[in-house]
Structure formats: C-alpha cells, structure tokens
Amino acid sequence: MSISQALSLILLVALWGVGLTPVESGTNLVTCRLQGSTKFPAFSKDGDFVIGGIFSIHYYMHTVQHNYTRVPEPLKCTGSMDTRELRFARAMEFAIKEINNRSDILPNVTLGYEIHDSCAAVPVAVKVAFQFANGLTPHVSMSASCPKTANIVAIVGESGSTPSIGMSRILGLFGIPQVSHFATCACLSDKTQHPAFFRTIPSDHYQAAALARLIKHFGWTWIGAVRSDSDYGNNGMASFLTAAQKEGICVEYSVAFYRTNSRSKLERVADVIRSSTARVVVAFLASGDMRILLEELTRRPPPPLQWIGSESWVTDPDMLRFELCAGAIGFGIERSVIPGLRHFLLDLSPAQASKSAVLTELWESAFGCSLHTAEAGQISGAVAPCKGNEKLDAVQIPYTDTTQLRVTNMAYKAAYAIAHAIHGLVCKDRSNSVSKCNKSTVLEPDQILQQLKKVNFSVNGNHVSFDSNGDPVATYELVNWQAMQDGSVQFVTVGHYDASQPNGQEFSISKSITWMKGQTQVPVSVCSESCAPGTRKAAQKGKPVCCYDCIPCGEGEISNETDSVDCVSCPVDYWPNAQRNICLPKPVEFLSWDEVLGIVLAVCSIAGACIAVAVATVFYKHRMSPIVRANNSELSFLLLFSLTLCFLCSLTFIGRPSEWSCMLRHTAFGITFVLCISCVLGKTIVVLMAFRATLPGSNVMKWFGPLQQRMTVVSFTFVQIIICILWLALSPPFPITNFSHYKERIILECDLGSVGAFCAVLGYIGLLAVLCFTLAFLARKLPDNFNEAKFITFSMLIFCAVWITFIPAYVSSPGKFTVAVEIFAILASSFGLITCIFFPKCFIIVFRPEQNTKKHVMGKVELKAL
C-alpha cells in the first residue's frame, strides 16, 4: 500500500465518522457523499474570505448508547454554558467586524466567519475541522485532482489543548492554518506533528518554568499537584514536575482526573488533597475541571490550602465564588484593553438575541425568562416570558465582565493575525494611499500558512508575532486573589514574568500578596523544617529528598548555611564553636604563669628553694657546732646547693615552650638531680666509712677523705653531663604543637627529641638512687645518736616511690598536666630529701641546742663501748 493510499484510507475512516460515506466503490474510490446532518455554526457571516472559529461554549457533549442498528444521532452540545468562552467567540466576531470597518487592513475586502461550539469534546472538534476543510458540498472528490482550496482560509481556536491536537492533526494534512487563543500544551510547538498550528497564548513550557520558580521563590519544597487528565494537564504537569525537580521541589502527590470521570474517581482525588500534609497545591487544570473539583471539596472542606493556579482557571471570574481559593496565586495572560468590545457585547436586545440559539440561551440563563413566543408553542409554563426591557449590563456574569480581558484579547489578536496574513497576500501596500486589494484572489492554505509565519504588527499596544514554533513571546502576569473591603474577591496583578529577559531576571514581584485565609505571612509548606547552621540534612529512608532529619555536625565539623547537605571540617588549628556554625582558633594549652596550677607550682618551687637557702644559712651559722661537723658539712652545703637548683629547675617547665626552654628544662633537671643524689650517695658512703673507721686497726677513712668525696660527686655528675651533651648534640628536645592528643585544643609541649636519651637520663638517676638507698639501708642501724643513714634511707625511699609512680602518671597525663606531673615529682622528691635529711638536724640546732654537743653526739657510742 502506498503512502497516498494509506492517507486516503485514514481520511475515509475519519470522514465516515463525521457523516461522509462512499458513493462509488470499485478499483478506485471516486467520491464521497455527505450523509446525515451537518453541524451549523453558532455565529456566521458571509464574506470574500471566511475565517473559521471554534470555542468550547458548552461544557459537555450529549452522548448516547449506540446500538449500531440505525444511523447515529448528530453530535450536539449540552449542559450549562460557559459564558466566558462565549465572550471569546464574540471577541473574534468583534475583531472581524472592526477589521471590515478599517481602511488600513484589507480595504474593500469583507471578511466572513463561521464560529462553532465544540463543547470541549474531541469528536465535535474533529467533525468541525473536516467541515471547515470540506464545507457543506454534497459530494467530496477523493481523486488526485481535487481542489486544494478549503471552505475557510484559517481557523481561530480551539480553546482546549486536546481538541486542538485532534484538529491540528487533520488540518495539518491540508495545510490549513490554525491559530489558537487558549491551547497551551507544549506538545503543540512540535512542528513535525503540528506544522500548521500557531497560537497567540504562550506555551505551557514557559508557564511550567515560571510556576517552579515562583514556588522556589517562596521557599515551598513540599507541594501537592493535581491536573486535568488531558493533553493540557498531563503535558503541562510533566513540564512543571521536570522544572520543579531542577529547583529542588518535592511533590507529595500528583493526581489527575477529567470532568467526565465517575464521581468515585473525583472523591478519591479530593480525599488525597484533604489528607495530605502539603499546604501548597499546584492545580494544572482546565477551568471546567477546576470548577468540578472545587464543588467536590466544598462539600467537605480540607485544611486551609494555598492554591497555585495555571492560566486556564486562575483568571476565570467564575472561580471567584469558591472561598476555598481565596489568596490563590498563579500566572495569567497579560490584561489588555479592547476599545469598543464592552459596548459590542452588551448591545443586545431580546429580538437580536432570539435570532441566535446561543445568544437566546445566554439571555434566558442570565434573566431566568423565556424568549420563545407563545405562538411557537415553546414557552414553558414554569418559566415566565421575558419582558423585553432586560439589560445585560445589569447582570454580573463572566460574559459581561470586561475588566479582565486576558484570553479574550488572545482571540482578538488571533483574528487580527489571520487578517494581516490575508492582507499580505491579496493587497499591495502603497506609501501614500490606501492599499489596493484583489478580493477575487484564490488563496491556497499553504500561502496563508507561510504568510502567518511572517506577521509582525501591533494592535491596541500589543505586539503580535510568531517564532519558528508558532509561539509568541511568553509574558505573564502574577495574579493574586485578594479580598476587597466590600467582601468581594478580585484579581490583582502583583508581579510579572517575561521569558525574553536575561536568565534570572524573568520573574519580578511588585506588590504585596494576600495569602490563604487573608494572612500576610508567606505560608509554610515543607516536609521537614529547615536545618539550622551547625546541622546537616540526612535523607529519610524511602521518602523524597525534601524529607530529611537534621543531624548535628560531627566533631571538628561545621555548617554555616541553612539546609546544608554536608558539614565541612575545620582547619587543623581551628575548632567549631558550641553551635558548630563557625570555626574558631583552637585554644593553645601549656602550663602558663598566670593560671592557678602554674602559680601554685611556682610558689612551691620558690618556697622550696628558700627553705634550702634557709637551711644552708642555719648550717653556715652553726658550722662549727658538733652536729654540723659530724654530718660532713662540705657535702651538706653542696647537697643544699643542688637541692636549691632542683627546686629552681622546675621553674623552667612553666611557661610557653621554646627551643631554649625545652633543652634547658630536661638537661638542668637531669644534671641537678644527679648532683643531688651524688651528694647523698657521698654522705652515705662517709657514714659507712666512718663506722668502719671506729673499728680497731681500720684506716679506711684515709681512702675516702674530702678529696675522694669531691671526686666521687664530680665523677657521678660528669657522667650525666656527658649523657646530656650527647642528647643535645644528636637529638635535642624541641617545642612542638600537638594536635593529636586533643581534637578541640592545641597543646604546646616539648618533644623529647631522643626518647632513648631521656630514658638514659632518668635511668642513671634511678641507678644512683637505688645504689644510695641500698647503702643507706645497710647503714640504717649503725650506733649513733644522729644516725644520718636512717634519714637518708627514708629520703631515698620517698625519692624512689615518687619517681616510680611518676612514670605511669607521666605517660597517662594529658597536655599541660604532663608537665605538672613532672614538676610535682621534682618538688616532691626534693622536699623529701630536704625534709628527711636536714629538718631533724635543724630542729636540734634551733630548738634543742643542749643536744648539739660533742658529748651528746658521741655519748651513745661510748655507752655501747662499755
């Protein structure tokens, strides 16, 4: 089967559906005969060139159950009238009348029109489309030589996207231009499927993006969505959901219905809206569908909702009667002024209205009376006849409301666009005179189609042109339903959207907005409250990304923005504040002079040094007394000097560590303590030697005289000095900044450099201390009134106990307490030495001078000799 044969078959099936049947069959199909009734226009006028028009003047199409035993009944509209759509249709009629009276457009050429009612039904729209293409000719030729001219030159309409799609697919085959005033589906911009489609209203592609930006602007991230189950609703909502996802908006639910659906389906949709947690609802609904939904919700009102409307219903005056939508906002077509239109619409008398079935229905529904004469036998006994003095300007219906001419202006501009296209083909413009037009010109659809692509004019201050997709420049008004002082609700323009502006500058708000329930604060509609700085968002399992928990940032991390997705780590020398929203410099910790612990240790250190000096002073003052002479005064003074240094060396551990203080504190500690222990060891050896010297025939003291004692102290101390020199030369201690021990603060401390050297220093001190303790322990019971070995034993016991406990305490103490432990060990061992060795002697010297005699010192020895 060839393409032309397939196309003929498709047209045959379509023609059959609208009342055309084949007359002659055989090898070739020759003609089709018109069968059944045709659909007559609601308004018509003859002219040199006829423009078609189709509008959804009624809400429903009358449907019957076909039994296929007789010819189907003609398609007809039923239900109540949409007087707003009637205003659109009459705006087209007014535009053509205005054009016919103008001398600058189509002078001496009369335009006619055929305006049909589609009742928003695809079958009716398709039938009208074929009727536009073929007219009312009794026989339609299907041969290859059939004329290309159509009954009309172009069409204005349809109002709905779905009927427009059906019409466009048929009219596109014939190349008949279709200029819609209200079909906004973005799918109609596809020229491969809809090559002959134009529109004066912007595509929903732009409206969807504008709605997503509007919702993002007010901080709503949790919304509901309801749409018409039609091409308009489904395509528009799909574009919106794509744009909303890019803006980070989550949709709790997305439901669809059509006004012809069952009542149960409508109730389910209403229940979803009532039970939702989203307080903002985006309604991408046709005006008729929105009216039905609001009627259902009025029966059992939901919690207060903020409605966001599409252009189809958000500027429909008929919707204002629903209080549920008070405070609604949405994008509407820009409001315009059409001079003379109101007078044209209201200039109807009962006699004029009775000549048109549509106008008769308008008149009777507006005034509740009947225009039919009693003679015709059509007057209803329940309805009184009209009096004849009724005036349309006395009733408030959408037909008479010309304060918000938005979509009406789109129909008006569509008629003008077609007129300009015809003018460009049949008229020759002259610079100084009226254009010359040839009204006998035969126009083919393709000519009108190509000329429409070129139109570029302004009417009543409104620019009209089409881009390559047949779309105009997208401009919208942000409309808000605001309650007035008299209790009425009106449409108030509070902002604009212009897609031609640079990116980010398309949307602007110029006036304050009144929200649901008359509140002035922006409603809140979020799945989860915003996460404050210091926390991050953590998605809830199985829920959209807008539903999350706020998790405090971890240790060392901050977030300084609301709704932060991640926390960032502070630099190594910074730490978060308590709120974890800023990084602050870490406090630097070291044992300072101005803190309590540092002051106490410094006082103890200085006090210890003062005590050592005081003891030395007492000893020096009584240096000739027996008790001082008996205890080796030279070693005693050297020991007191070393103890003074031991007390003072602890001061080097206090304060900010520096390169010099780190080297000084450990080496001074090691050398002074070895000097101290060496003196104690020397005194212990002297005690032992002195006892040995009292035995008959012993001359041991000559081998351990003052020179040997000095050499012993120097030798032991020199070893420690060599260890310290090697330590400082090879790997000396140095100051470091410790970040690892505490995460929240910095520790300034001295690194040992060589741990082995530090252990050698401590080990050598420990070795001398153990040796001294052993010798003193052996000499503790030697017969003497002032047995110094006993006191040395106690002092060494304290010394060893302190430094044995020092090791685990040193390792486990954190930060500045490590230094404090080391100072405490120095002070404790020093106080132990001076207390045990010197305090008993000082007590005798100061408080018991009678015992400070040679006789008393030697008395015990003599007693034992006896």
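The values are calculated or read from the model by the stated rules, or taken from the named source; none is laboratory data. Note that this is a predicted model, so its numbers are computed, not measured. Note that each Cβ is placed from the backbone with ideal geometry, even for glycine, and that neighbours are counted across all protein chains shown.
Restricting attention to the range 462-508, the residues that are touching a strand residue (DSSP E or B) at 6+ places or on another chain (Cβ under 8 Å) and either part of a loop (DSSP other than H, G, I, E, B) or polar (S, T, N, Q) (or both) total 18. Whether a residue is farther than 22 Å from R291 by Cβ, touching a Pro at 6+ places or on another chain (Cβ under 7 Å), touching a residue at least 40 places away in the same chain (Cβ under 8 Å) and among the small types (G, A, S) was assessed, and A196 passes this test.
Among the criteria (1) assigned by TED's automatic domain parsing to the domain that holds S625; (2) at pLDDT below 80, the one I826 does not fulfil is (2).
With respect to (1) surrounded by fewer than 16 Cβ atoms within 10 Å (Cβ to Cβ); (2) assigned by TED's automatic domain parsing to the domain that holds V153; (3) part of a loop (DSSP other than H, G, I, E, B), the lone exception for L443 is condition (1). Quick one: which residue in R430, R406 is among the basic types (K, R) and without any contact (Cβ under 8 Å) to a residue 40 or more places away in the chain? The match here is R430.
Residue pairs whose Cβ atoms lie under 9 Å apart, sitting 6 or more positions apart in sequence or on different chains, and linking a residue in the range 87-108 that is under 26 Å from S431 (Cβ atoms) to a partner that is in a helix (DSSP H, G or I) and among the hydroxyl-bearing types (S, T, Y), are E98/Y412; E98/Y416; I99/Y416; I105/Y416.
One residue stands out in the range 301-339 among those that are farther than 24 Å from M237 by Cα and in contact with a helix residue (DSSP H, G or I) (Cβ under 7 Å, 6 or more places away or on another chain): the one that is surrounded by the fewest Cβ atoms within 10 Å (Cβ to Cβ), namely P301. Within the range 111-126, the set of residues being part of a loop (DSSP other than H, G, I, E, B) and either more than 49 Å from the chain's Cα centre (by Cα) or of a type in the set (S, T, Y) (or both) comprises S118 only. Of all residue pairs spaced 6 or more apart or on separate chains, those with beta-carbon atoms under 9 Å, a first member in the range 583-610 that is within 17 Å of G832 (Cα to Cα) and a second member that is in a loop (DSSP other than H, G, I, E, B) are L601/L591; L601/I654; S605/I654. Checked against the criterion of being in the same structural domain as V251 (by TED's automatic domain parsing), assigned to a loop (DSSP other than H, G, I, E, B) and at negative phi, the candidates K511, K541 yield just one match: K511. The set of residues from the range 510-527 being touching a strand residue (DSSP E or B) at 6+ places or on another chain (Cβ under 9 Å) and without any contact (Cβ under 8 Å) to a residue 40 or more places away in the chain comprises S510, K511, S512. Counting only residues that are among the hydrophobic types (A, V, I, L, M, F, W, C) and not in a helix (DSSP H, G or I), which one in the range 77-110 is farthest from the chain's Cα centre (by Cα)? Out of the qualifying residues, it is V109. Annotation note: of L294, L320, the sole residue that is touching a residue at least 12 places away in the same chain (Cβ under 8 Å), aliphatic (A, V, I, L, M), out of contact with any Leu (no Cβ under 8 Å at 6 or more places or on another chain) and part of a helix (DSSP H, G or I) is L320.
Looking across the range 451-461, the residues that are over 15 Å from T475 (Cβ atoms) and in a strand (DSSP E or B) come down to N456, F457, V459.
Yes or no: the range 588-603 includes at least one residue that is charged (D, E, K, R) and either at pLDDT below 85 or under 30 Å from I558 (Cα atoms) (or both). Yes, the range 588-603 contains a residue that is charged (D, E, K, R) and either at pLDDT below 85 or under 30 Å from I558 (Cα atoms) (or both). Within the range 454-489, being surrounded by 15 or more Cβ atoms within 10 Å (Cβ to Cβ), of a type outside the set (G, A, S) and under 26 Å from F94 (Cα atoms) holds for V455, F457, V459, N462, V464, F466, D471, P472, T475, Y476, E477.
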